[in-house]
Amino acid sequence: MALKRLFVANRGEIALRIVRAAQALNIETVVAVSDADRDSAAARLADRSVVLGPAQAARSYLDPRLVVHAAKATGCDGLHPGYGFLSERAILPRLCAANGIAFVGPEPEVIESLGDKIQARAMARAAGVPLVPGCDSIASAADARREADKIGYPVLIKAAAGGGGRGMVIAHNGDGAAAGFDRASAEAVAAFGDGTLFMERFVPQARHVEVQLMGDGRGQVIHFGERDCSVQRRYQKLIEEAPCAAMPEHLRAQLHASAVALAASVQYRNAGTAEFLFDIARQEFYFIEVNARIQVEHPVSEMISGFDLVQEQLRIAGGAGLSLRQDQVRLSGHAIECRINAEDTARDFLPSPGRITYWSPPQGEGVRLDSHMSEGAMIPPYYDSMIGKLIVHADTREAAIDRLDAALADFQVEGIATTIGLHREIIAHPDFRANRIHTRWLEQVLLAEREGVAA
Amino acid sequence: MTHKSSIDQPVDQLRILIEEFTRSGIATLHVRSGDFELLLSNDSGTPSLASGRPVANGPVAAPATIPAPAAAPAAVVQAVSAVPDGAVILTAPNLGTFYRAPKPGAAAYVEIGGRVAQGDEICLIEVMKLFTGVRAEVAGTIVAVLAEDGAMVEAGQPLFALVAD
């Protein structure tokens with residue numbers, strides 16, 4: 001049964017994106033808002049909005065019972081969780097099921113098992129997906145040396161109970177591994193009362209690559225290619241591209257096959273993303289985790305495939321099978337997305353909430369903006385600072401960068417600080433043009449150069 | 001969007017008008033269209049509309065953080081003729097089902113004309129079988145019930161009007 005009325009349990013640009021996708025499929029929409037979002041773009045576009053509670057997310061967007069109560073009371077037969085908030089909490093699909101509402105996402109059991117790092121690694125191993133080479137327990141310094149020799153240097157020795165960098169040592173050779181064992185073990189006992197250590201290969205320069213997946217819940221899974229999200233600051237993605245231009249074709253095919261095999265092994269339903277670390281020096285990739293939801297950066301995959309992933313999510317939640325076979329997925333050109341945040345990059349990325357007094361976004365061929373903002377719109381201080389995603393598409397990576405450069409130059413926003421200027425600096429950098437970047441590049445190179453100039 | 005009309009458009013229009021008014025900082029707004037008339041005012045000295053015509057009280061009536069009766073203006077418009085200027089509007093703290101009585105078949109916590117002390121429980125809001133009591137912020141006399149028993153109410157929706165002691 002195709003969905004008739006959809007409850008949108010999110011805010012910001014993704015709420016608006018979901019409402020538009022539903023309207024294209026003639027599905028009615030009810031948008032949940034907090035008191036701070038009564039006047040949001042999604043609330044205005046939707047057929048109806050309901051105020052869940054006060055601005056604090058814990059008493060509105062993050063309360064699963066409140067959300068499902070509202071969905072049921074407004075007669076919705078489907079619920080889209082967006083990303084963030086409750087999107088990967090198994091309780092949400094459980095409550096939906098108990099109330100006869102179709103959840104736009106995977107089964108709760110799948111969310112739970114993929115959310116558990118150990119279970120997810122076991123599932124990946126069973127599906128033949130490469131993991132970072134490592135060893136689960138090391139008993140002595142001699143043990144550490146022998147295992148490290150097998151794994152290959154450098155290695156990372158970590159406390160099993162660890163966190164925050166304590167009980168963590170990087171070793172570059174056998175002597176380092178033996179000495180590192182003693183130090184990490186002592187630190188781990190002191191910090192956590194548990195000296196158990198494990199070891200894995202340390203990847204000094206890696207790219208973050210991920211595969212966009214869509215499953216029908218009955219074992220059929222297709223992919224929409226990979227994305228490269230290596231421009232990050234403190235593990236937060238700033239720029240995403242599709243495809244990963246730095247990956248050779250034979251590895252790309254293996255990457256896609258691994259991701260599909262993992263999702264198919266759990267009869268994955270709806271949209272998901274398998275994330276990998278791409279070791280640049282060794283030209284190998286390792287599984288990190290699966291995100292069991294639509295992701296912020298899904299538009300770059302839509303741009304190279306010409307396929308609307310959110311509409312497909314809604315069709316699958318309504319009981320339909322996949323609307324494409326793998327051989328009908330055609331990827332072409334190159335797409336790049338910039339996450340535009342209301343942040344002051346000169347003040348350590350301090351959030352800059354407030355009212356937008358001027359808003360003039362770029363337009364043109366191959367330019368897409370996913371944003372809930374407009375002139376006069378208010379950015380409340382309670383939620384994340386993303387105000388939009390600027391996406392460009394062109395035949396080649398070079399042409400896409402040129403198009404992005406022009407689009408960013410045209411993007412005028414006043415009243416708040418934004419990261420538009422930083423994005424212009426990033427894409428103008430010779431390392432970005434030459435695609436010589438990795439996940440620590442922004443912090444180690446570009447932001448370091450910036451500070452050098454300021455000092 | 002053709003399916004847009006399926007959801008109360010006049011109510012939406014009224015809600016938008018009240019929100020825009022609240023944000024604009026305009027002191028008084030008087031709208032007349034056919035036999036519909038609406039007076040919004042931020043000034044408690046503004047005279048009410050004459051006769052028994054529907055009048056929506058502006059933000060002055062609500063001491064809570066919610067500036068305007070946004071969620072169910074239709075109910076407000078019907079009931080408000082009985083709400084004197086300066087009445088306190090008690091609002092829902094979150095979305096849920098509004099119950100006037102502690103259990104089915106029991107007497108309502110409070111009726112129109114009834115007196116409540118500060119802190120008295122005056123209704124329940126239910127979310128997924130979890131019932132939370134709503135308490136009167138001030139002592140006074142209930143002069144109007146602004147939401148329907150058993151209906152969904154949204155956060156900030158007016159539930160009762162009360163004339164403080």
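Each reported figure results from applying straightforward, stated rules to the coordinates on display, with no laboratory input. This one's a predicted model, so the numbers in the text were calculated from it and none came from an experiment. Positions of Cβ are generated from backbone atoms using ideal geometry, with glycine treated the same way; all protein chains shown enter the neighbour counts.
Normalising by the residue count of the range A:131-218, find the relative contact order in percent from Cα pairs under 8 Å and 6+ residues apart.
Values: 153 pairs, mean separation 31.4, N = 88.
Once divided by the residue count of the range A:131-218, the mean separation gives 36 percent.
Ratio of the range A:206-454's C-alpha Rg to 2.2 N^0.38 Å, to two decimals?
Numbers: Rg = 18.3 Å, N = 249, 2.2 N^0.38 = 17.9 Å.
That works out to 1.02 for the range A:206-454.
At 0.36 nm per residue, minus the direct Cα-Cα distance, what do A:ASP405 and A:ARG355 gain on full extension? Give it in nm, one decimal, please.
Numbers: separation 50, 0.36 × 50 = 18.00 nm, distance 2.58 nm.
Gain on extension, A:ASP405 to A:ARG355, equals 15.4 nm.
Counting other Cβ atoms within 10 Å, which trypsin sites (Lys or Arg not before Pro) in the range A:216-304 have at most 16 and lie in a DSSP loop? Mind showing how you got there, number by number?
Numbers: sites: A:ARG218, A:ARG227, A:ARG233, A:ARG234, A:LYS237, A:ARG252, A:ARG269, A:ARG282, A:ARG293; in loops: A:ARG218, A:ARG234, A:ARG282, A:ARG293.
Sparse-neighbourhood loop trypsin sites (Lys or Arg not before Pro): A:ARG218, A:ARG234, A:ARG282.
Roughly how many Å is it from the Cα centre of the range A:206-251 to that of the range A:329-403, as a whole number?
Here the two parts' Cα centres lie 20 Å apart.
Sequence gap at least 6, Cα distance under 8 Å: using those rules, report the relative contact order of chain A to the nearest whole percent.
Values: 993 pairs, mean separation 63.7, N = 455.
Value for chain A: 14 percent.
Counting only helical runs of four or more DSSP H residues, what would the 222 nm mean residue ellipticity of chain A come to if each run contributes -39,500 (n - 2.57) and the total is spread over all its residues?
Working: 15 runs with 153 residues, N = 455.
Computed ellipticity for chain A at 222 nm equals -10000 deg cm²/dmol.
Under 1.5 on a/c is rounded, so check that first for the range A:230-357, then, if it is not, pick prolate when a/b is larger than b/c and oblate when it is not; a ≥ b ≥ c are the square roots of the alpha carbon gyration tensor eigenvalues. Mind showing how you got there, number by number?
Details: a/c = 1.94, a/b = 1.33, b/c = 1.46.
Here the range A:230-357 falls in the oblate category.
Cross-link list A:LYS117/A:LYS150; A:LYS158/A:LYS237; A:LYS117/A:LYS158; A:LYS4/B:LYS129: which exceed 21 angstrom alpha carbon to alpha carbon?
Flagged as over cut-off: A:LYS117/A:LYS150; A:LYS158/A:LYS237; A:LYS4/B:LYS129.
Which residues' amide hydrogens lie under 5 Å from the amide hydrogen of A:ARG233, considering only partners 5 or more residues apart or on another chain, with H built in the peptide plane?
A:LEU238
Over chain A, with a single point scatterer placed on each C-alpha, what log10 of the ratio I(q)/I(0) does the Debye formula yield at q = 0.09, 0.10, 0.14 1/Å?
Taking Cα atoms of chain A as identical point scatterers yields -0.64, -0.79, -1.42.
Helix A:249-265 versus the longest principal axis of chain A: what is the Cα-based angle in degrees, 0 to 90, to the nearest 10?
Orientation of helix A:249-265: about 70 degrees from the principal axis.
Can you list the trypsin sites (Lys or Arg not before Pro) in the range A:333-365 that are in a DSSP coil and have 12 or fewer other beta carbons within 10 angstrom?
Nothing satisfies the criteria.
What's the longest bit of chain A with no exposed GluC sites (Glu not before Pro), using DSSP loop states and at most 14 other Cβ atoms within 10 Å as the test? Intermediate values should be presented prior to the final figure.
Values: sites that count: A:GLU365, A:GLU375.
Result for the longest clean stretch: A:1-364.
What are the ³J(HN,Hα) values, in whole Hz, obtained from phi via the Karplus relation 6.51 cos²θ - 1.76 cosθ + 1.60 with θ = phi - 60°, for each residue of the range A:52-64 in sequence order, with x given for Gly and Pro?
Karplus-based 3J(HN,Hα) across the range A:52-64 equals 6, x, x, 4, 4, 4, 4, 9, 9, 5, 9, 9, x Hz.
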